[in-house]
Amino acid sequence: MAYELIEYPDREMMFIDLADKLASELRAALARAERVTMAVPGGTSPGPVFDDLCSVELDWDRVDVMLTDERWVPEDSERSNTRLLRERLLVDKAARARLLPMFLPCREPEDRLAELAETIRPNLPLSIVLLGMGADMHTASLFPGADRLDEALARNAPILMPMRAPGAPEPRVTLTAPVLDGALSKHVLIMGAEKRAALENARGKPAREAPINAILNDAWVHWAE
Ligand SMILES: O=C1O[C@H](COP(=O)(O)O)[C@@H](O)[C@H](O)[C@H]1O
């Protein structure tokens, strides 16, 4: 699994540097294409990167922003990844970017999954993906032990899948492994000793045990204590 690990002296430096790298990649992609798409994670890690990235001057009108995965909760829930995006990334200069939805109000993700997938389809391959990782080696909502993990890891997986996992309190929707892995540029953001050990522990394991391995090839992994 060939990935590049960048170790930062502290988190603050990592957030600034990563935001800077993403901005440079967005600019370069915008020089090559009329529109570009960046997928980003939810959860607790990426907020400070969003805080730095949202104030960067670039042609945000031509940027589509989406999540790598979403928890099936309304947008006003504290657990909504869409809420995090609206509050921390799609503000300031980045308010001009277009949000591709990963949640539509209905009971179960299956009810409107096809609609969501068709909105995403014209935006593939993703120009840039930023991913998080849990200490259990999940990435996006590809959890070890999740009900449809094998299907989501398959080469012919659909764009988007519903996912239910023992450790996840609500149903999820997630971009599948081929979509995430097929992004033109891949970054993974991890913090702390536990996640660094999990990354090491993932080495050599099949993706159904360590889903992070499905996307690590040619990725940049950004880590700070
Ligand atoms: O539930 C999720 O978890 C992962 C990791 O989150 P973190 O809080 O440990 O940073 C995240 O990447 C994913 O987007 C999110 O839905």
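Just to confirm a number: summing +1 for Lys and Arg and -1 for Asp and Glu over residues other than residue 123 whose beta-carbon lies under 14 angstrom from that of residue 123, what do you get? It works out to a net charge of +1.
If R0 equals 30 Å, the separation of the Cβ atoms of residue 200 and residue 44 corresponds to a calculated FRET efficiency of about 0.90. Separation of region 64-88 and region 152-225 by C-alpha centroid, Å? Between the Cα centres of region 64-88 and region 152-225 lies a distance of 18 Å.
Filter the DSSP H helices in the chain by two things, a Kyte-Doolittle mean of at least -0.5 and an axial alpha-carbon span of 24 angstrom or more, and list the hits by number.
Length and hydropathy pass: 11-32.
With both residues required to sit in the chain, DSSP beta bridges show an antiparallel share near 25%. Remark: spin-label model distance residue 12-residue 135 equals 2.6 nm, labels positioned 7 Å along the Cα→Cβ axis.
With the simple spin-label model, which puts each label point 7 Å out from Cα in the Cβ direction, the residue 193 to residue 115 separation comes to 4.8 nm.
Highest mean packing first, where packing is the average number of other Cβ atoms within 10 Å per residue, the peptides 123-134, 15-26 line up as 123-134, 15-26.
In this simple spin-label approximation, residue 150 and residue 27 carry label points 7 Å from Cα along the Cα→Cβ vector, and these lie 4.8 nm apart.
Rule-based calculations on the coordinates, nothing more; no lab input. Being a predicted model, the structure only gives us computed values, none of them experimental. Don't worry about glycine lacking a Cβ; one is built from the backbone with ideal geometry, like all the others, and counts go over all protein chains shown.
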